[in-house]
Amino acid sequence: MKEPARILVVGGGYVGMYTALHLQRKLKRALRQGDAQVIVVDPEPYMTYQPFLPEAAAGSISPRHVVVPLRRTLPGCQVVIGEVTAIDHAKRTASITTLASREEANGAIEISYDELVLAPGSVSRTLPIPGLADHGIGFKTVEEAIGLRNHVLGQLDIASSTRDPAVRDAALTFVFVGGGYAGVEALGELEDMARYAVRYYHNIVPEDLRWVLVEATGRILPEVGEELGRYTVRELRGRNIDVRLETRLESYEDRVAVLSDGSRFPTRTLVWTAGVKPHPVLSAVDLPKNDRGKLPCTAELRVDGAEHAWAAGDAAAVPDLTADQPGKECAPNAQHAVRQARVLAENVIASLRGEPLRNYEHAYAGSVASLGLHKGVAYLYGRKLRGYPAWAIHRAYHLSRMPTFNRKARVLAEWTLSGLFKREIVSLGSLENPRAEFELAAGTGRHPEAS
Ligand SMILES: Cc1cc2nc3c(=O)[nH]c(=O)nc-3n(C[C@H](O)[C@H](O)[C@H](O)COP(=O)(O)OP(=O)(O)OC[C@H]3O[C@@H](n4cnc5c(N)ncnc54)[C@H](O)[C@@H]3O)c2cc1C
């Protein structure tokens with residue numbers, strides 16, 4: 001009997017989930033008849049819709065609704081919850097650590113494949129800044145977004161209850177490093193949320209909060225162009241946010257953020273959103289990498305110089321065929337990732353069938369960014385919008401892009417309800433320590449509030 005063609009998809013994010021979704025649709029019959037197999041591996045059982053993380057941090061969307069369950073969305077595929085730790089492409093095998101293999105202490109399992117789709121995305125690009133790795137936090141995952149929300153609200157509680165002015169100042173100071181859309185949107189949404197929340201604190205006023213945005217270059221939000229970037233700086237400064245351009249974080253030791261302009265901010269919150277780098281798992285893959293550690297790809301989304309290996313998204317260097325200058329690559333964003341996934345799936349199928357492949361080509365359409373409730377900027381097909389209209393377009397655009405009707409409906413319902421009722425302002429930080437109460441009852445622990 002003929003062996004089924006096995007396609008291994010590493011990563012269930014934008015590229016991984018959408019590639020598997022297209023493969024599932026186009027190979028429906030082959031998958032049913034056992035002529036093909038699609039295996040999707042991801043450490044998490046969900047795809048994260050990252051553009052909604054700032055709204056999740058602000059409490060406008062609940063965390064469950066910014067993620068898409070892989071098992072329900074991909075019933076025709078085999079979903080493995082685990083981490084690919086190494087790939088021996090010469091032998092066409094991948095080593096995977098699953099929750100079970102950790103329990104059984106058996107080490108990694110091996111899966112063989114015929115076609116490999118590599119889409120592990122990116123991780124925060126950190127620098128060797130003293131103290132950063134110990135106390136900084138990124139903003140790439142739903143856990144980080146919700147952790148940050150709880151943390152910010154927790155700081156308001158600390159500030160409200162302390163008698164020490166230094167503790168109060170540090171609790172009410174929030175430093176964000178990196179002025180791309182992740183940093184600016186996260187800061188914009190959280191500042192807006194905290195400004196609202198303090199009306200319920202008897203001894204904090206919005207002017208007590210200090211928000212600082214540190215950006216190494218001379219502009220922020222390059223995704224929306226120079227003019228809207230300048231507008232965003234004015235907008236944020238108008239809200240009393242301290243935007244420091246051409247400034248770098250030098251250190252964050254003992255919870256004091258020291259900047260290159262000499263200023264020092266004692267703070268308990270340092271959010272690092274200064275760019276991304278390809279996922280480190282690529283170092284354990286025997287495929288070519290470029291000088292930035294990305295997988296060099298052809299316009300057909302094959303890994304250049306390798307057979308039966310495909311890649312796209314943040315981990316891949318894909319030539320931008322629409323650019324004026326030769327050698328330019330597609331930017332690492334969702335706009336490209338989703339479109340690349342479709343071409344990638346079609347090309348994998350074409351290659352299995354011995355048909356010609358097609359090139360990936362997409363002219364950048366622009367970007368939208370939210371700066372808090374009812375505030376935003378948008379640059380779409382050459383049109384520049386700001387304020388409420390931009391914010392409304394941001395919401396409409398992302399709602400239309402949110403995968404599955406189920407998630408669209410839930411997000412819309414949440415927005416509608418939050419328009420009718422007051423904003424949520426509770427910190428559920430205790431969720432991160434669910435055994436605390438039981439340990440207290442059993443006499444083996446201390447109540448977290450006591451620490
Ligand atoms: C806060 C924020 C806001 C953003 N807003 C926008 C926006 O408005 N517009 C826009 O175009 N882009 C936006 N982006 C960028 C966009 O989300 C990314 O470019 C996109 O997610 C890249 O897709 P990807 O599939 O390459 O990676 P991801 O979507 O990150 O998926 C990678 C997947 O691989 C999995 N993985 C990692 N390692 C392994 C391993 N060893 N084994 C198995 N699986 C693994 C991960 O768990 C993850 O699920 C934003 C990003 C962030 C962080």
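The values are calculated or read from the model by the stated rules, or taken from the named source; none is laboratory data. Everything numeric here is computed off the predicted structure, so don't read it as measured data. Cβ: placed from backbone, ideal geometry, glycine included. Neighbour counts: every protein chain shown.
Under 8 Å between Cβ atoms, at least 6 apart or on separate chains: pull out the pairs that start in the stretch 125-140 with a residue that is within 14 Å of Lys277 (Cβ to Cβ) and end on any residue that is of a type outside the set (S, T, N, Q) and in a helix (DSSP H, G or I). Final answer for the pair search is Thr126/Leu132; Thr126/Ala133; Gly138/Glu144; Lys140/Leu53; Lys140/Ala182. Each residue in the stretch 46-69 was checked for being near the ligand (Cβ under 9 Å from one of its atoms) and either polar (S, T, N, Q) or over 26 Å from Val184 (Cα atoms) (or both), and 2 pass.
Taken together, Tyr388, Tyr381, Tyr397 contain a single residue that is aromatic (Phe, Trp, Tyr) and on the phi > 0 side of the Ramachandran plot, which is Tyr381.
Taken over the stretch 33-45, the criterion of being more than 8 Å from the ligand (Cβ to nearest atom) and buried (at least 21 other Cβ atoms within 10 Å of the Cβ) is satisfied by Ala36, Val38, Val40.
Cβ-Cβ distances below 9 Å connect the following pairs, each with a first residue in the stretch 100-123 that is among the hydroxyl-bearing types (Ser, Thr, Tyr), a second residue that is assigned to a helix (DSSP H, G or I) and within 12 Å of the ligand (Cβ to nearest atom), and a separation of six or more residues or different chains: Ser122/Gly313; Ser122/Asp314; Ser122/Ala315.
In the stretch 252-270, the condition of being loosely packed, with under 15 Cβ neighbours inside 10 Å, among the acidic types (Asp, Glu) and touching a residue at least 40 places away in the same chain (Cβ under 8 Å) is met by at least one residue. The helices (runs of 4 or more DSSP H) falling completely within the stretch 369-451 that include 1 or more residues that are of a type in the set (Asp, Glu) and modelled with pLDDT of 90 or more map to 405-420. Scanning the stretch 52-65 for residues being in a helix (DSSP H, G or I) and surrounded by fewer than 23 Cβ atoms within 10 Å (Cβ to Cβ) gives a total of 3. The criterion of at least 2 residues that are within 11 Å of the ligand (Cβ to nearest atom) and under 24 Å from the mean Cα position of the chain (by Cα) is met, among helices (runs of 4 or more DSSP H) falling completely within the stretch 84-192, by 142-161.
There is at least one residue in the stretch 320-333 that is in contact with a strand residue (DSSP E or B) (Cβ under 9 Å, 6 or more places away or on another chain), within 30 Å of Met193 (Cα to Cα), surrounded by fewer than 23 Cβ atoms within 10 Å (Cβ to Cβ) and touching a residue at least 24 places away in the same chain (Cβ under 8 Å). Looking across the stretch 261-308, the residues that are hydrophobic (A, V, I, L, M, F, W, C), within 15 Å of the ligand (Cβ to nearest atom) and not in a loop (DSSP other than H, G, I, E, B) come down to Val271, Trp272, Val276, Val281, Leu282, Ala284, Val285, Leu295, Cys297, Val303.
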